[in-house]
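Comments concern the structure below.
The values are calculated or read from the model by the stated rules, or taken from the named source; none is laboratory data. These numbers come from a predicted model, not from an experiment. Positions of Cβ are backbone-derived with ideal geometry, glycine not excepted, and every protein chain shown enters the neighbour counts. Keep in mind that these areas ignore ligands, DNA and RNA; they rest on the heavy atoms of the full protein, side chains included. Shrake-Rupley method; radii C 1.70, N 1.55, O 1.52, S 1.80 Å.
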Amino acid sequence: MKNLLINISIAIVAAGSLASCSLDKEVDLTYTSDQVYGKFENTRGALAHLYTYLPDAFSGYNDGQFLGASRDCMTDNCVSFWNVHRYHSIQSGSYDATNHWFASTYWTNDIKGIREANTFMLYANKDVVGNAAKSGDDNHLYDRWMAEARFMRAMLEFDLIGYFGAVPIEDHVLTNAEAASMTRTPAPEALQWVANECDTIINSGALPFRYSNENENWGHINGAAVYALKSRALLYLASPLNNPTNDKSLWQKAADAALAFIKANQQSSNPYRLYTTTPSNPDENYYKCFASTPHLNQELILSRSEWSTRVIEQFNAPCGFTGSLEADGRNNPTENLIECYETKNGKFIDEDPTYDPQNPYENRDPRLDQTILHQGSIWGDPQQSEQRAVNVTYGSDNTDYSALHGGTTTGYYSKKFTYNISFKYPTDNLHACPIFRYAEILLNAAEALNEAGHTDEAYQYVNQVRARVGMPAYKGMTQDQLRERIQNERRIEFAFEDMRFFDARRWKLYDKQTASSETSLPIRKQIYHLYSVQVTPDAATKYTIVPNSMHATYAFQTPKDYYFPVPDETYKKCPSLGQNAGWELTSNK
């Protein structure tokens, strides 16, 4: 991605009408289409600019005041310490359609990116770009660039579907009349459209599954990313939110899409694989996938552009680590998430008699210690004499519990993506947030095969993910039992990667229980109540589970909160778009 983003300063000129339901001014009229697309470098810059619209789970870290935490703070996985973060309004249910920051921001970003993609596909000039047959990655370059732009459009439509359900499918540059009377395509049809677009790109042969020169083309859309998007789109289409009759044929199509990726990958001269250290160490493999080698990482199919920064460490590390950089620790994983990690016996803690609640982090799935910083975790740069045990106790010696700008409301901090830097002498490190990685393809295959009725075939794929961290293989389960395990596996494997928000909704978890009915369930199964651990070292019971002090409950109204509202200003300009269920009374005030 670094190479691609050299020329993004070119102003992009949108084709057709400037009349828009969502954007008052979406272009800079300084440049004409001939000026942009009449030159090779300018066209390349226009393509590069499209990449800036890709979904980015790290985007909030650019705004420490209002967003400096993981977007898992919009779920039951995590709570933000900082009380002015916008995520609180999602967890408390206090947004309406007139003030929904996330709806306005995500809708605007995706629609604008879709329109830039359509503009690129309309104006990019084959004679300027060149489309000669060449050896190497620039073979038929115009066709390749058009395929990249087409993927961007499909990716952004998919992102809209996840947040808004029904969406306008803009597959061309809109006329004035079309822009003024947009309608939305229902989510199931829109997801199928995304999958069909992926098929068109794959069948064109314009994109190699992987580039021969990965170093030069790292971050560019390749054929593997297209297969991955199709796999995710069809998985979402088959899920209860979009498949209320549980049509098994949709699950089979989702399984076929994941298996098609796996087959193409096996035939590749440079196949994707789960990241492992050399030599492989189950106690390090997972963590180092995200905080060691994001560049040319063989598990990452597509990621956002690489970012050299220390702000992720600032907002994730425990608040007691200070120096010239002060750790704020605003990402607080919930006890709900922690209790999803099995024991090393492959059992949930409420089902394993060897589990000791007063030694809760012993003999657990290695991903717990590779994802979460908890009481007693060893952290800090040993080279600068900063290494020590994390202390989140409530007593007088509570180094990491609370500070002016940070702390933990749950007893936990997030370790994933967080380098163990010196806070006395901080340095920047390379970060890359995955959009697609190989572990997802394996778990997509496992879930879809199990739901399609092929439980015996599903084990091999989920077990590959577990084997990376030395967890025992699954076997001999019913379909329902394996479903629970796969859903749990996705929750811990993809923690802080923007997956939980969508998974919980597509599985319709909120329809399966209520705030009152769930209190008898294990904490790992509760979705309306959020919990913390209280660590009191001098008490007979050192670890006590308590309601979270910031959000004791997660507010969710069915069906309203399955989707964001169409932004109010957009709805007022284009009432033909309609409004999502449950948000109508807060629109058009």
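Kindly state, to the nearest 0.05, the FRET efficiency for Thr309 paired with Thr32, given R0 = 41 Å and r defined as their beta-carbon distance.
Result of the calculation: an efficiency of 0.65.
Extension gain Thr105-Thr175, at 0.36 nm per residue separation less the Cα-Cα distance, in nm?
Stretched fully, the Thr105-Thr175 segment lengthens by 22.8 nm.
For Gln358 and Tyr394, what is the calculated FRET efficiency with R₀ set at 22 Å and r taken between the beta-carbons, to the nearest 0.05?
0.90
Ordering Trp193, Trp145 by how much accessible area each has at a 1.4 Å probe, largest first, what is the list?
Trp193, Trp145
Run the accessible area of the chain with a 1.4 Å probe and give the carbon-and-sulfur part as a rounded percent.
49 percent
Please calculate how many Å² of accessible area the chain carries per residue, with a 1.4 Å probe and no DNA, RNA or ligand atoms counted.
37 Å²
Rounded to the nearest Å, what's the spacing between the alpha carbon centres of region 285-306 and region 437-481? Just the number, please.
So the two Cα centres are separated by 22 Å.
Where nothing but the Cβ of Lys and Arg (+1) and of Asp and Glu (-1) is charged, how large is the charge dipole of the chain around its Cα centre, in debye to the nearest 20?
380 debye
With labels modelled as points extended 7 Å from the Cα through the Cβ direction, what inter-label distance (nm, one decimal) is found for Asp480 paired with Asn62?
Placing both labels 7 Å along Cα→Cβ, they lie 4.7 nm apart.
For His405, what accessible surface area do you get with a 1.4 Å probe? Give it in Å², rounded to 10.
Accessible area of His405: about 70 Å².
Evaluate E = 1/(1 + (r/R0)^6) for Ala260 and Ala540, where r is the Cβ-Cβ distance and R0 equals 45 Å; express this FRET efficiency to the nearest 0.05.
The value I calculate is 0.20.
If the cut-off is a Cα-Cα distance under 16 Å, which aspartates and glutamates reach Lys542, setting aside same-chain residues fewer than 8 apart in sequence?
Glu335, Asp356, Glu362, Asp397
When we measure straight from the Cα of Lys288, which aspartates and glutamates land under 14 angstrom away, once same-chain ones fewer than 8 places off are left out?
Those aspartates and glutamates meeting the cut-off are Glu299, Asp369, Glu493.
How much length is gained if the chain between Phe40 and Gln513 is pulled fully straight, taking 0.36 nm per residue apart and subtracting their Cα-Cα distance, in nm to one decimal?
164.6 nm
Using only Cα atoms, what is the ratio of the radius of gyration of region 139-207 to 2.2 N^0.38 Å?
Working it through for region 139-207, the quotient is 1.21.
Suppose each label sits 7 Å from its Cα in the direction of the beta carbon; what would the Ala133-Val84 distance come out to in nanometres?
6.2 nm
Which length gain, in nm to one decimal place, applies between Glu457 and Asn488 when the Cα-Cα distance is subtracted from 0.36 nm times their residue separation?
So the chain would gain 9.3 nm between Glu457 and Asn488.
Provide Asp400, Asp428 ordered by accessible surface of protein heavy atoms (probe 1.4 Å), highest first.
Asp428, Asp400
For region 208-352, rounded, prolate or oblate, judged on the Cα gyration tensor with a ≥ b ≥ c (square roots of eigenvalues), a/c < 1.5 rounded, else prolate if a/b > b/c?
Cα axes put region 208-352 in the oblate bin.
Using label points projected 7 Å from each Cα along Cα→Cβ, tell me how many nm separate Thr553 and Thr322, to one decimal.
Simple spin-label model gives 3.7 nm for this pair.
For Tyr355, what accessible area in Å² do you get when you roll a 1.4 Å probe over the heavy atoms of the protein chains, rounding to the nearest 10?
50 Å²
If you plug each phi of region 65-74 into the Karplus form 6.51 cos²θ - 1.76 cosθ + 1.60 with θ = phi - 60°, what whole-Hz ³J(HN,Hα) values come out, in order, with x for Gly and Pro?
These are the phi-based 3J(HN,Hα) values: 6, 10, 9, x, 6, 5, 6, 5, 5, 9 Hz.
Looking only at region 308-334, which residues have a backbone nitrogen under 17 Å from a spot 7 Å from the Cα of Gln384 in the C-beta direction?
309-329
Can you list residues whose amide H is under 5 Å from His529's amide H, if they're 5+ apart or on another chain and H is modeled 1.01 Å from N?
Placed amide hydrogens put Tyr554 under 5 Å from His529.
Semi-axes of region 276-393's equivalent ellipsoid from the Cα gyration tensor, sqrt of 5 times each eigenvalue, largest first, rounded to whole Å?
Taking √(5λ) for each Cα gyration eigenvalue gives 26, 21, 14 Å.
Which of Lys39/Lys126; Lys347/Lys525; Lys415/Lys508; Lys508/Lys560 have a Cα-Cα distance over 22 Å?
As for pairs spanning more than 22 Å Cα to Cα, those are Lys415/Lys508.
Can you give the relative contact order of region 417-498 as a percent, counting alpha carbon pairs under 8 Å and 6+ residues apart?
Once normalised by length, the contact order is 26 percent.
Shape verdict for region 327-439, please, from the Cα gyration tensor: rounded (a/c under 1.5), prolate (a/b greater than b/c) or oblate.
Oblate is the answer for region 327-439, as a/c is 1.5 or above yet b/c matches or exceeds a/b.
Please list Asp456, Asp110 from largest to smallest accessible area, probe radius 1.4 Å, with all protein chains kept in place.
Asp456, Asp110
For q = 0.09 Å⁻¹, what log10 I(q)/I(0) does region 453-579 give under the Debye formula with an equal point scatterer on each alpha carbon and no solvent?
Those come out to -0.42, one per q.
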